[in-house]
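Contents: one structure, followed by commentary.
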Amino acid sequence: MNQTILEEAGTMLSSGPMSLAKLHEQLKIAGSTWSESQHHLFFLAVNGFSVEQTGDQFMVCAGEKSPRDRLLSDIVKAVESFSGKPMSASEIRKRLPKDYVTTPEQIKATAKISDTLAVYGPGLIRKK
């Protein structure tokens with residue numbers, strides 16, 4: 001992929017996520033000779049883009065989440081999976097994806113800076 005086509009992809013995605021299939025077609029029009037699979041792998045690997053599966057299609061987004069934002073998002077999902085009831089940071093840690101290397105203290109610190117979570121009592125975390 002050359003710089004011109006990469007910039008074109010960034011421009012196309014600046015208004016929001018786009019399906020990989022649609023983005024692939026637009027990049028072909030812009031001059032890309034890559035297959036849809038090659039574009040998929042590229043957007044998975046390059047910084048500044050992310051790919052998420054939604055139903056039966058892949059959506060490409062510009063602007064990668066920071067590690068803290070990803071952790072916060074997964075903490076919120078863990079709390080929601082417990083029906084929104086207060087949870088200890090160690091219980092949340094057990095419900096996070098296995099690829100995280102984090103501590104209960106880091107989970108509490110991340111929850112404290114969140115707009116959607118509250119830390120109270122003996123270190124319990126709940127949705128606001």
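Any idea which residue in the range 34-50 is surrounded by the most Cβ atoms within 10 Å (Cβ to Cβ), counting only those that are touching a strand residue (DSSP E or B) at 6+ places or on another chain (Cβ under 7 Å) and closer than 20 Å to residue 70 by Cα?
Restricting attention to the range 34-50, the residues satisfying the condition of being touching a strand residue (DSSP E or B) at 6+ places or on another chain (Cβ under 7 Å) are 40, 43-44, 48-50.
Checking the rest, the ones that are also closer than 20 Å to residue 70 by Cα come to 43-44, 48-50.
Values: 43: 22, 44: 12, 48: 13, 49: 18, 50: 17.
Applying the filter and picking the extreme gives 43.
If we scan the range 65-75, do we find a residue that is within 19 Å of residue 123 (Cβ to Cβ), in contact (Cβ under 8 Å) with a residue 24 or more places away in the chain and over 12 Å from the mean Cα position of the chain (by Cα)?
Yes.
I'm checking my understanding of the structure. Among residues of the range 12-33 that are surrounded by 11 or more Cβ atoms within 10 Å (Cβ to Cβ) and without any contact (Cβ under 8 Å) to a residue 12 or more places away in the chain, which one is nearest to residue 50 (Cα to Cα)?
If we take residues in the range 12-33 being surrounded by 11 or more Cβ atoms within 10 Å (Cβ to Cβ) and without any contact (Cβ under 8 Å) to a residue 12 or more places away in the chain, then 22 is nearest to residue 50 (Cα to Cα).
In contact with a Gly (Cβ under 8 Å, 6 or more places away or on another chain) and not assigned by TED's automatic domain parsing to the domain that holds residue 14 - does that describe any residue in the range 97-108?
yes
On the given criteria, is residue 101 loosely packed, with under 11 Cβ neighbours inside 10 Å and closer than 21 Å to residue 113 by Cα?
In short, yes.
What about residue 102, is it within 19 Å of the chain's Cα centre (by Cα), polar (S, T, N, Q), part of a loop (DSSP other than H, G, I, E, B) and at pLDDT 90 or above?
yes
Determine if the range 51-58 includes at least one residue that is free of Cβ contacts under 8 Å to residues at least 24 places away in the same chain and either surrounded by 13 or more Cβ atoms within 10 Å (Cβ to Cβ) or part of a helix (DSSP H, G or I) (or both).
The answer is no, given that none of the residues of the range 51-58 is free of Cβ contacts under 8 Å to residues at least 24 places away in the same chain and either surrounded by 13 or more Cβ atoms within 10 Å (Cβ to Cβ) or part of a helix (DSSP H, G or I) (or both).
Considering 90, 83, which residue is assigned by TED's automatic domain parsing to the domain that holds residue 109, under 30 Å from residue 121 (Cα atoms), assigned to a loop (DSSP other than H, G, I, E, B) and among the polar types (S, T, N, Q)?
Matching residue, one of 90, 83: 83.
Based on what the data block shows, is residue 32 small (Gly, Ala, Ser) and either part of a strand (DSSP E or B) or in contact with a His (Cβ under 8 Å, 6 or more places away or on another chain) (or both)?
Taking the combined requirement at face value, the residue satisfies it.
What pairs can you find where one residue is in the range 110-128 and outside the structural domain of residue 83 (by TED's automatic domain parsing) and without any contact (Cβ under 8 Å) to a residue 60 or more places away in the chain, the other is part of a strand (DSSP E or B) and of a type in the set (D, E, K, R), and their Cβ atoms are less than 9 Å apart, with a gap of 6+ or different chains?
Every condition considered, no pair remains.
The values are calculated or read from the model by the stated rules, or taken from the named source; none is laboratory data. If you're wondering where the values come from, they're calculated on a predicted model, not measured in any experiment. Note that we place each Cβ from the backbone using ideal geometry, even for glycine, and neighbour counts take in every protein chain shown.
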